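Notes for the one structure printed next.
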Amino acid sequence: MSLIPSDLTPVLQATLQKGLGPQRWQRPVWVDHLPPCNSACPAGENIQAWLEHARVGEFEAAWRTLVADNPMPAAHGRACYHPCETHCNRRDLDEPVLIHAVERFLGDLASEKGWTVPTGPDTGKRVLIVGAGPAGLSCAWHLRRMGHAVEIRDAMSEPGGMLHYGIPAYRLPRAELMAEIERIAAMGVTMTMNTTVDDLERDMAEGGFDACFVAIGTQAGNHLDIPAVDGRKMVDAVRLFEDIETGRAPSVGRVVGVVGGGNTAMDAARTAKRLGAEEAILIYRRDRAHMRADPYEADEAFFEGVRAKWLNAPVRFGNEGVTIEAIELDEDGSLRPTGELETLPVDTLVLALGQHAETEFLHRIDDIAFARDDSVLVDATMMTGRAGVFAGGDLIGGARTMTAATGHGKKAARAIDARLKGGTYAPGEKAPPVDFDMLNLPHFLDAGRSQMSALPLQARDGFAEVVAGISEREARYEADRCLSCGNCFECDNCFAACPEQAVIKLGKGKKYTVDLNLCTGCAVCYDQCPCHAIEMETEPVGPEDAVRPARFKVRP
């Protein structure tokens, strides 16, 4: 046997490892993901895009990008519960971006500067909108931008719907609200107030309307089925807010009870204190951990002195006050009355038990169908069973918020526009989402969230706005805190990191491309990208690739 090895040459492992050697097996591609703030916004705002404009001080461009989806940023920046911030990836780094404050800043600045948007060329088509709330106003805004004639009819004396009659002025001042509504009217939207629509098909025919969007909201308060006698007042919260807005603010007495655990209940309790009540007591059948109110709204109510009787339900209301029964909450979430009674000497009992729509006029149209809760059923394009009649907002159920209604109005406008042009609205596919774990955060430093100032407790005795806005400097700072999740913001990390100088800058706003004659597929650009705007794509293999492998050239 020979003692001489057949081959003494060591194998160079580098030439056998995937990704090394003379042939590329993957290449970088720049992609656009759906950031969580955009995904969570019920109005469908491109939040990341308008934050980028605000970051560099392009405030008018930021506002125009924003109102392409939502015509009332000043109102939403104040009264929306900003789920965009709840889902902001930055919350896992330090604190969410203060998105709603930047939105409010842009809305207020637009009103101050008098910014407007042009309407589209006249199409000769007419659309009737029933309801001047957020859904109806949003739909009108978008339809006018498309060139359609729009008339809004509403039973109330002022437009705004629940924005005007359901949200107290200390959260949403009327001057700022009306400035944005007046901008919508100035686009040529006819607003016919103090007008109740009770025969929709007749009104459409007589007005020569080609389509209709019904967005009447849910302005009728739900009632409580308990024994009650005269001597003390029992009112629903919606009617209370309406009376205040129309100059008929009632005397509520010294102690006010509020039944409910949602945001309306918090507003009702805080309003009662402003009407002179010494005590405002929430009565809720569950505990605080299970209440429906936004935590911030509840915190504000309790800061202002509102008390709560958790795990209690009213059983009788009379001259002596409201009698409540203690409730036990079982582990499975079910409620069990205990028979333990207590009487609270309240002078007024406010019911904040939700609202419902008054849909009698729609029940007279055979083709319109309703769910068990009397909400209107619509298809994917927001159209009811009656061709040409669309519906949205609180009327169709779901998340009954001002921002969801605004999103419904936009979607309905696009569907109506498509129908009037002889087509069917089909939204495009959404980009893939990007979550916190996909980001390369060592590139970012901690940057604390700005703090919005608020009126001190002793100054909250009227309906003046409680929370102040932020400055231009703070707006740019907050916009700069955005991580640009999933979308390239041209930081040049990939350009600087590429060892082959294969990444090519295309100019401001045009991002990058890659020279495939130089790229080795090493993925250094992918590893350096802070916002996961680059994916590594497997090198395509086709007939031409089988003949000509994807090799790369050597620099001269």
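Looking at residue 27, is it surrounded by fewer than 21 Cβ atoms within 10 Å (Cβ to Cβ), touching a residue at least 40 places away in the same chain (Cβ under 8 Å) and either hydrophobic (A, V, I, L, M, F, W, C) or assigned to a helix (DSSP H, G or I) (or both)?
no
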Looking only at segment 310-338, which residues are in contact (Cβ under 8 Å) with a residue 12 or more places away in the chain and charged (D, E, K, R)? 316, 320, 325, 328
Just one of 319, 312 is polar (S, T, N, Q) and open to solvent by 30 Å² or more (accessible area, probe 1.4 Å); which is it? 319
Suppose the filter is in a loop (DSSP other than H, G, I, E, B), charged (D, E, K, R), modelled with pLDDT of 95 or more and open to solvent by less than 20 Å² (accessible area, probe 1.4 Å); does residue 45 pass it? yes
Helices (runs of 4 or more DSSP H) fully within segment 159-222 counting 2 or more residues that are open to solvent by 10 Å² or more (accessible area, probe 1.4 Å), closer than 27 Å to residue 80 by Cα and not hydrophobic (A, V, I, L, M, F, W, C): 174-186
Across segment 234-271, what is the total count of residues that are part of a strand (DSSP E or B) and among the acidic types (Asp, Glu)? 1
Return yes or no: is residue 189 closer than 28 Å to residue 64 by Cβ and out of contact with any Leu (no Cβ under 6 Å at 6 or more places or on another chain)? yes
Strands (runs of 3 or more DSSP E) contained entirely in segment 302-365, each with at least 3 residues that are over 31 Å from the mean Cα position of the chain (by Cα): 312-318, 321-329, 335-344
Number of positions in segment 91-118 that are open to solvent by less than 10 Å² (accessible area, probe 1.4 Å) and in contact with a Cys (Cβ under 8 Å, 6 or more places away or on another chain): 2
Counting only residues that are open to solvent by 40 Å² or more (accessible area, probe 1.4 Å), closer than 30 Å to residue 75 by Cα and in a helix (DSSP H, G or I), segment 466-512 contains a total of 6
Return the residues of segment 276-301 that are open to solvent by 30 Å² or more (accessible area, probe 1.4 Å) and assigned to a strand (DSSP E or B); say none if nothing qualifies. 279
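The values are calculated or read from the model by the stated rules, or taken from the named source; none is laboratory data. Owing to the predicted nature of the structure, the values given are computational and were not obtained by experimental measurement. For neighbour counting, all protein chains shown are included, and Cβ atoms are generated from backbone atoms with ideal geometry for every residue, glycine included. Note: accessible area is taken over every heavy atom of the protein model, side chains too, but ligands, DNA and RNA are not part of it. Shrake-Rupley method; radii C 1.70, N 1.55, O 1.52, S 1.80 Å.
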